[in-house]
1. Using the Kirkwood formula over every pair of different C-alpha atoms, what hydrodynamic radius in Å results for the chain?
2. With a 1.4 Å probe and all protein chains kept in place, how much accessible area does ARG83 have, in Å² rounded to the nearest 10?
3. With charges set only on the Cβ (+1 for Lys and Arg, -1 for Asp and Glu), what does the dipole of the chain come to about its Cα centre, in debye to the nearest 20?
4. Output wanted: per-residue J couplings in Hz (rounded whole) for the stretch 81-98, from phi through Karplus 6.51 cos²θ - 1.76 cosθ + 1.60, θ = phi - 60°, x for Gly and Pro.
5. Tell me which of CYS157, ILE147, GLN102 sits at the most positive position along the dipole axis of the chain, charges placed on C-beta atoms (Lys, Arg +1; Asp, Glu -1).
6. Relative to the first principal axis of the alpha-carbon coordinates of the chain, what is the inclination of helix 10-25, with its axis defined by its Cα atoms, in degrees from 0 to 90 and to the nearest 10?
7. Taking R0 as 45 Å, what FRET efficiency do you get between ASP130 and ASN33 from their Cβ-Cβ distance, rounded to the nearest 0.05?
8. Taking H as built 1.01 Å from N, whose amide H comes closer than 5 Å to the amide H of SER43, not counting residues under 5 places away?
Amino acid sequence: RFNPDQAAPRCQMVTVLGREYERETGEKLSNTNSGFGDVSAMSYYATYVTWGVETGIVKGMGDNAFQPDINVTREQIAVFLYRYAIFRGNAEENSGDVSLLQRFNDGSRVSDYAKEAVGWAVAAGILQGDDSGRVNPQGYAKRSEMITMFSRYIDYCEKNPVKEKNVTITFDAAGGTA
């Protein structure tokens, strides 16, 4: 049973992204070898964690661990969404505006690894502060908050469609590609 007020574990966030990728592309993910010692190949989320590793969306928590069952934080959601947006072409690397963190009373509490992603998520309207002027970056997200942020991400993508990547092909004197 889905309880919107229950804290969301990290594995659920990655599963949501993986299933969205499958929906968008029609591709069925199947690899279950994530490389993390704490992700069983038999778990419902193994395929999605593996896909997350392969695409650079998931980096882990150190010591060969993903920590799938710990609660996901608001800044971690921002990082996952930012990396997914870059992977899909809806955002560019280094596009997060770190100065936006100054809007929040606790903006200085955003972890270094997450600052760019949180700045991007704030600018995109995905992550918003509360009535007290806090973004609560290290607070655990409820399932309802996770889905709200994901829904805002979908809205962002509709307004920022996938950017075509420019590819330049040069030819050498012999007519081959360089």
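The values are calculated or read from the model by the stated rules, or taken from the named source; none is laboratory data. Just so we're clear, the structure is a prediction, and the values are computed from it rather than from any experiment. Virtual Cβ from ideal backbone geometry, glycine too; neighbours counted across all protein chains shown. Protein only, heavy atoms only, side chains kept; ligands, DNA and RNA dropped before computing areas. Shrake-Rupley method; radii C 1.70, N 1.55, O 1.52, S 1.80 Å.
1. 17.3 Å
2. For ARG83, the solvent-accessible surface is approximately 60 Å².
3. 320 debye
4. Once rounded to whole Hz, the list reads 5, 4, 5, 5, 4, 5, 4, 7, x, 8, 8, 9, 4, 6, 9, x, 9, 4.
5. Value: ILE147.
6. 40 degrees
7. So the FRET efficiency works out to roughly 0.65.
8. It is none; the list stays empty.
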